[in-house]
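The values are calculated or read from the model by the stated rules, or taken from the named source; none is laboratory data. Computed from a prediction, not measured in an experiment: that's the story for all the values here. Note that each Cβ is placed from the backbone with ideal geometry, even for glycine, and that neighbours are counted across all protein chains shown. The protein model used for the area step is the full one, side chains on, heavy atoms only, and it has no ligands, DNA or RNA in it. Shrake-Rupley method; radii C 1.70, N 1.55, O 1.52, S 1.80 Å.
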Amino acid sequence: MKNLIRLLNENKSVNDYRIAEKKTLSYELFFVHKKLETVRSTDTAAASVTVYVDHDGKRGDSTFSYHASMTEEEITEKIKAAAYRASLSSNQPYGLPEGGEYEKILPGNVKDHDPIKLGAMIADAVYAADTEEGGSINALEIFIYNDTTTVINSKGVNKTQKGSRVMIEAIPTFTDEKQSVELYEDYRFTEFDAAKITAEIKEKMKEVKDRCTAKKPGVPLTVDVMLRPKEIESLMRELSYDLGYASVYMHANLHKIGDDLQPGDCADKITLIRKGAILGSERSAFFDEDGLDLTDTAIIENGVVKANFGSSRFGQYLGVEHPTGNLPCMQLLPGTMKTPEGPFIECVSMSGIQLDLYNDYIGGEIRLAYYFDGEKTYPVTGITMSGKLSEVLAKLRMSEKTDISGAYEGPVSLLLKDMAVL
């Protein structure tokens, strides 16, 4: 690293530079059914170097990959080639974040466990859910990672964050006399909770069984549709992209500060906070890819747009004095809903939320859901939903209960009123 920095400083064509390095130690377990087939450990490092060249009142940049095995001659040639490429691109001038040196530990209890013992406890928690008659977990893969991320730049930034995380990949399967159905489960966390893992996998075992018996309901329907955290995160992320500095700078945003997204008094009002870190989320960070410290920011409060967020570069373009940084996590404050009233469809598996702000559209394909018709609940499949986004937001309901899923912390249920189902 010292040689790399020296060689960057020696190239007079380079005005600024940024080095981003990630080192990962892993402990990995691979099961087929309940038999441990393979145990593997890896030690990897990857780094990217971005050089910035100022020319003709503009700023260009170019990035190359750096490996510790590279010779000085190879590094010198990489820097020279990157500087030339940067001289061919022309962006509006912007500065890099300045100063700041520290090493911090990201929140989470995974780091407190020995990886070998933790892997065994995770496997036990997963297989404790394998109790469904006719069901099984065909495959299970457990990945325990210890990451060290460092950003160094020519303006004095030298920041490191360390964190530990787990990824579980499981294939719950159900087989009857007619067919065999599989589901893929990808579960990630930084807080180990055996009971929560068992509950998560047990729910998936039930869902894969219900997938075998699910049928398409009589359609068309106009009915409330309830989303779970994965889809809620996707919906809120799509809404927040519209409020990013880059969208505003490129005039691609529909909404601006002061706009009321939920006029009237029929909805649980959205308060959405973009955050750097959430306890339990593997996406948590203290700084972004530029080495800029992250500042938690409420971008929507009580249904009204309050702020924008984003990178240092686009913040500077908009004249923002203190850019927030690229905030990876989000917190949605809970609503007032306890139990939905009347018929509703609860989505379990979707192809993804489809959002078109300019055409005022929200929709998506529903692959598995539970339909409560007012009297009984049964699994359904093969349907799609659609609605007018503005009308949906105006009548939105959110649960009091919250949970953490991916980079999202917020209500476990979100109700979209009066959706068209086909």
Within the range 239-254, residues open to solvent by 40 Å² or more (accessible area, probe 1.4 Å) and either touching a Ser or Thr at 6+ places or on another chain (Cβ under 6 Å) or of a type outside the set (S, T, Y) (or both) come out as M250, H251, A252, L254
Which members of the range 322-337 meet the condition of being open to solvent by 20 Å² or more (accessible area, probe 1.4 Å) and either touching an Asp or Glu at 6+ places or on another chain (Cβ under 6 Å) or free of Cβ contacts under 8 Å to residues at least 24 places away in the same chain (or both)?
N326, Q331, P334, T336
Looking at (1) modelled with pLDDT of 95 or more; (2) open to solvent by less than 40 Å² (accessible area, probe 1.4 Å); (3) of a type outside the set (G, A, S), which is the only condition E365 fails?
(2)
Is there any pair with a first residue in the range 290-307 that is farther than 30 Å from E101 by Cβ and of a type in the set (D, E) and a second that is open to solvent by less than 30 Å² (accessible area, probe 1.4 Å) and at pLDDT 95 or above whose Cβ atoms are under 7 Å apart and which are 6 or more apart or on different chains, and what are they?
E301/T271
Every residue from the range 277-304 that is under 18 Å from the mean Cα position of the chain (by Cα), over 25 Å from Y145 (Cα atoms) and surrounded by 18 or more Cβ atoms within 10 Å (Cβ to Cβ):
T297, I299
Residue match in the range 395-416 (condition: open to solvent by less than 50 Å² (accessible area, probe 1.4 Å), free of Cβ contacts under 8 Å to residues at least 60 places away in the same chain and hydrophobic (A, V, I, L, M, F, W, C))
no
Just one of E177, E185 is at pLDDT below 95 and out of contact with any Asp or Glu (no Cβ under 8 Å at 6 or more places or on another chain); which is it?
E177
Of (1) closer than 21 Å to A129 by Cα; (2) touching a Lys or Arg at 6+ places or on another chain (Cβ under 9 Å), S164 satisfies every one except (1)
Identify, from the list A86, A47, A68, the residue that is part of a strand (DSSP E or B) and at negative phi.
A47
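Kindly check whether there is at least one residue in the range 72-88 that is β-branched (V, I, T) and free of Cβ contacts under 8 Å to residues at least 24 places away in the same chain.
No - not one qualifying residue is present in the range 72-88.
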Options R274, R313; residue that is basic (K, R) and open to solvent by less than 50 Å² (accessible area, probe 1.4 Å):
R274
What pairs come out if I take residues in the range 1-14 that are within 17 Å of D61 (Cα to Cα) and pair them with residues that are among the basic types (K, R) whose C-beta lies under 7 Å away, six or more apart or interchain?
N11/K80
Give all pairs with beta carbons closer than 8 Å in which a residue from the range 191-212 that is modelled with pLDDT of 95 or more meets a residue that is open to solvent by 30 Å² or more (accessible area, probe 1.4 Å) and in a helix (DSSP H, G or I); count only pairs at least 6 apart in sequence or on separate chains.
F192/M121; A194/M121; A194/D124
May I ask you to say which residue of V208, V157, V181 is buried (at least 16 other Cβ atoms within 10 Å of the Cβ), under 30 Å from A285 (Cβ atoms) and hydrophobic (A, V, I, L, M, F, W, C)?
V157
Can you tell me which residues in the range 1-26 are part of a strand (DSSP E or B) and either closer than 22 Å to D290 by Cα or open to solvent by 40 Å² or more (accessible area, probe 1.4 Å) (or both)?
D16, Y17, R18, I19, A20, E21, K22, K23, T24, L25
Can you run down the residue pairs with Cβ atoms below 9 Å, 6 or more apart or on separate chains, where the first is in the range 352-372 and without any contact (Cβ under 8 Å) to a residue 12 or more places away in the chain and the partner is part of a strand (DSSP E or B) and open to solvent by 20 Å² or more (accessible area, probe 1.4 Å)?
Q354/Y361; Q354/E365; Q354/S386
Unique residue being in a strand (DSSP E or B) and of a type in the set (A, V, I, L, M) when the list is L140, L96
L140
Can you tell me which residue within the range 63-117, out of those that are over 21 Å from T50 (Cβ atoms) and in contact with a Leu (Cβ under 8 Å, 6 or more places away or on another chain), is most open to solvent (accessible area, probe 1.4 Å)?
P107
Among residues belonging to the range 379-391 that are touching an Asp or Glu at 6+ places or on another chain (Cβ under 8 Å) and either surrounded by fewer than 18 Cβ atoms within 10 Å (Cβ to Cβ) or free of Cβ contacts under 8 Å to residues at least 60 places away in the same chain (or both), point out the one that is nearest to R211 (Cα to Cα).
T384
